[in-house]
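First the structure, in the form of C-alpha cells, and then the observations on it.
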Amino acid sequence: MRFHTILIASLFALLGGTSAHAETIELRASSMVDVEKGIVIDDPVVTIVDGVITSVRSGEAASSEPADTVIDLGEKTILPGLIDMHVHLTSDSDLHGYRRLAISDERATITGVVNAKTTLMAGFTTVRNVGAGSFSDVALRDAIAEGDIPGPRMFVSGPPIGITGGHCSDNNLLPPEYEAVGEGVADGPWAARFKVRQNRKFGVDLIKTCSTGGVLSKGTKVGAPQYTVEELKALTEEAHSHGLKVASHAHGSEGIINALKAGVDTIEHASFIDDEGIELARKNGAYLSMDIYVTEFILGVGEEAGILPESLEKERKVGQIQRDNFRKAHEAGVKMVFGTDAGVYPHGDNARQLSRMVTFGMTPSDALRAATINAAEALGATGQIGVLKAGAAADIIAVTGNPLADISLLENVDFVMKSGTVYMSN
C-alpha cells in the first residue's frame, strides 16, 4: 500500500502559503464493486476533493485534476462504505435485562463513543441510531460531526415514542412503588404529537416508535399491537410535517399493518408480516429492516448477557419465522434495507448479517444494495452516500477478494475512509 504526497504542495504549506487550495486525493485499487449495476470494475481511480468524490474512472484514463496525495491499495477491491439502518450505539451487548438498571445515561453515552469507533472500523460509515435515552445519540452524532471523536455518520431518533408499558418507550423492570416512567411515553394522539415536537426541538433526525410489543422488553407480547391507528397517524403526520421520517418497531402482523396505514417510512423487524402487510408495504414504498442475524446471539449467549427468560422464549418463537418472511418479502419485491439491531449483539459484528441475507434469499448484489443505495434512499440521501460516483461523500472501504463472489469478505475490511479521511489501512 502506497501513500505519495507531492512535495511542492507540502513546502508551500510550510512556507505559509495562503491560497485556498482544496486537497485532492487519488485513490487506486485493483477493482471496484459498482453497487448500482452489481458488477466489478477493473482498475478504478477515484478522485476526491475535500472529502467529496469528483470523478471515478478507469486507470487508463487521464486525470484532469493533479493529486496532492495518491493512495494505491494494490490488489484490493473497493466499494462504498456500508450503512446499518438499525443500531443502538449507546447500548452494551453484555448488559441486558435488569443489568441495564445500573447504567446511567452518562455512562451509556461514553459507551457510545467506544462503539462508534468500533462500528466505523468495521466498515460502516453511516448508521441510523433508533433509540437512545436523554438524547445521548444526538450528542454522539454531533461530537462525531465536529471531529471530536471517530465514528460513522449518524442519523438519530433520540428517545423512542410509545405507550405506557410499551416495548420501546417505558421502564417495565421496576415495581410500581418506584413510579418509573419512561421518557418516551405518550398516550393518545396529542400526547404523541407533543413527543414528536419535543424530540424535534432537541435535534433528532427521525422519529422512532413501536407499534407492537418486543422480544427484549419485560411484560410485552411480541406480536401484540401497540398504539391505535389514530395515534400512529397523528405521530406520523406530525413527524412528516417537520420533515422527519418515521421508523416503527413492529413484529406482529396487525401492528405492522397499523403502522403502514399510518404512513410510516420503515418497518423494523417485521417478523410476523403477512401477505396483506407485504402488499401494503410494497404499495406504500415502505422499507423493511429485518434483523435476521441477531437471533443467533440471543439464543446462543443471550442468557449469559442477562437476557430475561421470557425474552429468550419470545425469540424462540420469532427467529425462524422472521427469516422465512424475509425471503417471502424479498421475493415479493418489497424494498429492503440492511438493519442489524447492533447493541443487542456486539458492535463491529454488523457485517455478519450480510451472509445471512444471502442464505435466506438474496444475491450478494441484493444484500449490498440493501446496505448501500437502498439505505441511502430510505434516509433521503440518494447520491450522497452509499455509492462511489461524483458528488457523493468519499466513504470508501476495501477488502481482499470479490465480495460479489463471497459476501462474508466484508466481515473483515482492510481499509476505511469516511469523507476523505483514512481511519484504517491494513
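The values are calculated or read from the model by the stated rules, or taken from the named source; none is laboratory data. Owing to the predicted nature of the structure, the values given are computational and were not obtained by experimental measurement. Using ideal geometry, Cβ is built from the backbone for each residue, glycine included, and neighbour counts are taken over all protein chains shown.
Answer yes or no: is there a residue in segment 137-150 that is β-branched (Val, Ile, Thr), closer than 16 Å to residue 346 by Cα, surrounded by fewer than 24 Cβ atoms within 10 Å (Cβ to Cβ) and in contact (Cβ under 8 Å) with a residue 60 or more places away in the chain. Let's see the steps before the verdict.
Our first condition is that a residue be β-branched (Val, Ile, Thr); within segment 137-150, this holds for 138, 144, 149.
Of the ones still in play, those that are also closer than 16 Å to residue 346 by Cα are none.
No, the conditions are met nowhere in segment 137-150.
One line per residue, one yes/no per condition, for (1) farther than 21 Å from residue 280 by Cα; (2) without any contact (Cβ under 8 Å) to a residue 40 or more places away in the chain; (3) of a type outside the set (Ser, Thr, Tyr):
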{"position": "189", "(1), (2), (3)": "yes, no, yes"}
{"position": "208", "(1), (2), (3)": "no, no, yes"}
{"position": "217", "(1), (2), (3)": "yes, no, no"}
{"position": "231", "(1), (2), (3)": "no, no, yes"}
{"position": "251", "(1), (2), (3)": "no, no, yes"}
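Given the conditions (1) in a loop (DSSP other than H, G, I, E, B); (2) of a type in the set (Ser, Thr, Tyr); (3) surrounded by fewer than 18 Cβ atoms within 10 Å (Cβ to Cβ), and given that residue 93 satisfies all but one, which numbered condition is not satisfied?
(3)
Residue under question is residue 127, and the condition is that it be of a type in the set (A, V, I, L, M, F, W, C), in contact (Cβ under 8 Å) with a residue 12 or more places away in the chain and either in contact with an Asp or Glu (Cβ under 8 Å, 6 or more places away or on another chain) or not assigned by TED's automatic domain parsing to the domain that holds residue 195 (or both); does it hold? So that I can check it myself, show each step before the final result.
Numbers: of a type in the set (A, V, I, L, M, F, W, C): yes; in contact (Cβ under 8 Å) with a residue 12 or more places away in the chain: yes; either in contact with an Asp or Glu (Cβ under 8 Å, 6 or more places away or on another chain) or not assigned by TED's automatic domain parsing to the domain that holds residue 195 (or both): yes.
Answer is yes for this residue.
With the checklist (1) more than 29 Å from residue 23 (Cα to Cα); (2) aromatic (Phe, Trp, Tyr); (3) touching a Pro at 6+ places or on another chain (Cβ under 7 Å) in hand, flag the one item residue 360 doesn't pass.
So the condition that residue 360 fails would be (3).
List the number of the failed condition for residue 258; all other conditions in (1) at pLDDT 95 or above; (2) in contact with a Ser or Thr (Cβ under 7 Å, 6 or more places away or on another chain); (3) assigned to a loop (DSSP other than H, G, I, E, B) hold.
Residue 258 satisfies all of (1) at pLDDT 95 or above; (2) in contact with a Ser or Thr (Cβ under 7 Å, 6 or more places away or on another chain); (3) assigned to a loop (DSSP other than H, G, I, E, B) except (3).
Just one of 391, 386 is at pLDDT 95 or above, in contact with a Leu (Cβ under 9 Å, 6 or more places away or on another chain) and closer than 25 Å to residue 44 by Cβ; which is it?
Exactly one residue qualifies, and that residue is 386.
In segment 103-136, how many are surrounded by fewer than 18 Cβ atoms within 10 Å (Cβ to Cβ) and at positive phi?
Of the residues in segment 103-136, 1 are surrounded by fewer than 18 Cβ atoms within 10 Å (Cβ to Cβ) and at positive phi.
Give just the number: which of (1) touching a His at 6+ places or on another chain (Cβ under 9 Å); (2) farther than 20 Å from residue 337 by Cα does residue 102 not satisfy?
Every listed condition holds for residue 102 apart from (1).
Conditions: (1) under 16 Å from residue 338 (Cα atoms); (2) within 16 Å of the chain's Cα centre (by Cα); (3) in contact (Cβ under 8 Å) with a residue 40 or more places away in the chain. Residue 407 meets all but one. Number of the miss?
Residue 407 satisfies every listed condition except (2).
Within segment 301-322, take every residue that is free of Cβ contacts under 8 Å to residues at least 40 places away in the same chain and within 16 Å of residue 356 (Cα to Cα) and give me the one that is farthest from the chain's Cα centre (by Cα). Before the answer, list the steps.
First pass over segment 301-322, keeping only residues free of Cβ contacts under 8 Å to residues at least 40 places away in the same chain: 301, 303-304, 309, 312-313, 316, 319-320.
Adding the requirement that they be within 16 Å of residue 356 (Cα to Cα) leaves 319-320.
Values: 319: 20, 320: 23 Å.
In this case the residue turns out to be 320.
Restricting the search to segment 320-339, which residues are part of a helix (DSSP H, G or I), over 20 Å from residue 215 (Cα atoms) and in contact with an Asp or Glu (Cβ under 9 Å, 6 or more places away or on another chain)?
Taking segment 320-339 first, the residues part of a helix (DSSP H, G or I) are 320-331.
Retained after the next criterion (residues that are over 20 Å from residue 215 (Cα atoms)): 327-331.
Result: 328, 330.
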